[in-house]
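First the structure, in the form of C-alpha cells, and then the observations on it.
The values are calculated or read from the model by the stated rules, or taken from the named source; none is laboratory data. Here the structure is a predicted model, which means the values were calculated and not measured. No Cβ is skipped: glycine too gets one built from the backbone with ideal geometry, and neighbour counts run over all protein chains shown. These area figures cover heavy atoms from the full protein model, side chains too; ligands, DNA and RNA do not enter into them. Shrake-Rupley method; radii C 1.70, N 1.55, O 1.52, S 1.80 Å.
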Amino acid sequence: MRIHLHTNAPAAAAVIWPILKGQPLPNIAQAAQGDFKGDLHETQLLYAADGQRNWLLGLGETPTSQDYLRAFRKLTYTQKGKLPDVVTTDVSGLPTDVVEAIVLGTLAGGYNLKLYQTTTPELAPFYSPVGTFHLAVAETDREAAQQAIDKALIIWDAQRAMLDLMNAPSNYKTPQVLADWAVASGREHGYSVTVLDHDELARQGYNALLSVGQGSENPPMLLVLDYNPEHATGSTVGLVGKGVTFDTGGLSIKPSANMHLMKSDMGGAAAVLGTLEAAARLKLPRRVVGVIPTTENVVDGMATKPGDVITSYLGKTIEIIDTDAEGRVILADGLGHMVRHIQPDVLIDLATLTGNVIAALGYQAGGLFTQNDELSTQLQAAGDRTGERLWRLPLWDVYKDDLTSDVADVKNYSGKPINGAIAAAKFLEVFTEKHPAWAHLDIAGMAFADTEFGQQKNATAYGIRLLIDFLSR
C-alpha cells in the first residue's frame, strides 16, 4: 500500500469520514443523520449514486490519538475485503500525532496473524502493491503531515516485525532467532550489535541468565544493541528487555490451559528491539543502548530447582523460590551488564513480568515503578500522548521484607498472594546499583492482548511508540 498526501485529494472509489460525536454529517450522509451518532468505533457504510463507498467512522466526543489509531485499525481490518484499491480521508486541521495515528491504524489494518497457514489468503486490493491511501490536508500543514507519515511508516515497520516475532510459536522463535534479527537490523540500519553466547556468558559470570536457560537445548544469550550517532546529544538512555521466548514456568510449572500463550514472554525484548531499529531509522540525536537477556524457561533434568542459590553477574546471590519468577532473574544480569558496562544516564527496563500487575491495572495500562519523580512524569506523559499508558505504583522500602532470604542476599519470590508486581520491582531495584534515574515497566497486561487480529490474545507491539515519544523529547 502506498500513502499519498494531497491538498485536494483525487477522486477515490471509497472515502472514510472520521466523525466526532455530535458533529454534523457530510452531505453524502444526510440520510443517516438520525441514525449515526458518532460513538467511538461506530461505523456505517453508504453508497453514493455513482457507486462510491462512504464509511462513516465514529470517534466519540473527545478522541485521543490512540482512539483514532484503533478506530481506523478496526475499520480497515474488518472491512478490508470491501475496501477498493484507492481510499481517501481528510486529515485537514488534525494535529500531527493524530495524522501519525491514522496512518499507523490504517497500516495495521492489513496485518495478517495467520503466519503459518499453508493456504495463502487472498490479498485485499487496498493492501496490495497497487493500493493507495490518499490523505487530504491543508497546504499550510503539508510539511508536518508528511513528517508524520514518514515517522508512521518507520514505526509500523518496527511494530510489524515485532508482531511477527511475538506471535511466532517457540519452535520458530529461539534466542538465536532474536539474535539473528538484531544483527540483521543493526547491519541494515547502522547500529552495532554484540551477541554474548553461552560460553561467553559462562566465562564472564552471567549465572542468573544461565540458570534460567540451563534446562533448554537452545542456549541463552545476551544481546547488546548500541545506537550511537555522531550527532548524539543529551542523555544516554539504556533499555533492558526481558526476552523469554517460551516460559513453561520451569519446575514450578504453569497450568496447561494458557501455557501456549507463553510464547509472548519476550514482550519487553520486542519493545527494545523495535525501538532501537526505529530510533536508528528516525536518526534520533541520542545514544540509545538496548540490552536483552534472552532464553527459554523449560524443564529437563538440568533445570534449576526451587531452593537453588545462584550468583548474579553483579555478585549478589539469589535464592530461587519459584522458577516461574524467572523474568526478574534474567533481568538481574541484564541490568547488571547495563550499570557495569554502559552506565547510562537513564535506565529503563520493560518486561511481561507479573500477572499481579494485570490484577491491579487490567489491560488498560502498564505498571510504572521508579523513585525518580521527573522520570515518572516524562514516561507517563509519553504514555498519555501515545495511548500506551502507564500508571505509577509504589516502591517503598517497607516492601523489602518480600526479598529477605535465609540463605542468600535476596530471594526471587515472596510466596505471598499479594503485591507481586511491587515485590518484583523491588527485586530488580537491587540490581540497578541505586541508579538515580531507573524505571521498571511491567507490561504483562499490555504486550499481549485481545485485538481484532485473532480469536485469542496476540501481540500488540506495545512500548515502541511510548519509548520513541520519550526518546524524542
If you take the residues of segment 203-249 that are farther than 26 Å from LEU276 by Cα and under 25 Å from the mean Cα position of the chain (by Cα), which of them is most open to solvent (accessible area, probe 1.4 Å)?
THR248
Looking at (1) open to solvent by 10 Å² or more (accessible area, probe 1.4 Å); (2) at pLDDT 95 or above; (3) of a type outside the set (Gly, Ala, Ser), which one does ILE292 not meet, given that it meets all the others?
(1)
Which members of segment 41-66 meet the condition of being surrounded by fewer than 19 Cβ atoms within 10 Å (Cβ to Cβ) and either in a helix (DSSP H, G or I) or of a type in the set (Gly, Ala, Ser) (or both)?
ALA48, ALA49, GLY51, GLY60
Does LEU135 fit the bill of being under 25 Å from the mean Cα position of the chain (by Cα), of a type in the set (A, V, I, L, M, F, W, C), buried (at least 19 other Cβ atoms within 10 Å of the Cβ) and modelled with pLDDT of 95 or more?
no
Return a yes/no flag: does segment 308-329 have any residue that is in a helix (DSSP H, G or I) and either out of contact with any helix residue (DSSP H, G or I) (no Cβ under 9 Å at 6 or more places or on another chain) or among the β-branched types (Val, Ile, Thr) (or both).
yes
Kindly evaluate ALA278 against the criterion of being in a helix (DSSP H, G or I) and within 27 Å of THR233 (Cβ to Cβ).
yes
Return a yes/no flag: does segment 356-367 have any residue that is in a loop (DSSP other than H, G, I, E, B), closer than 27 Å to ILE318 by Cβ, modelled with pLDDT of 95 or more and among the polar types (S, T, N, Q).
no
Taking the stated definitions as given, is LEU113 under 18 Å from THR451 (Cα atoms) and open to solvent by less than 50 Å² (accessible area, probe 1.4 Å)?
yes
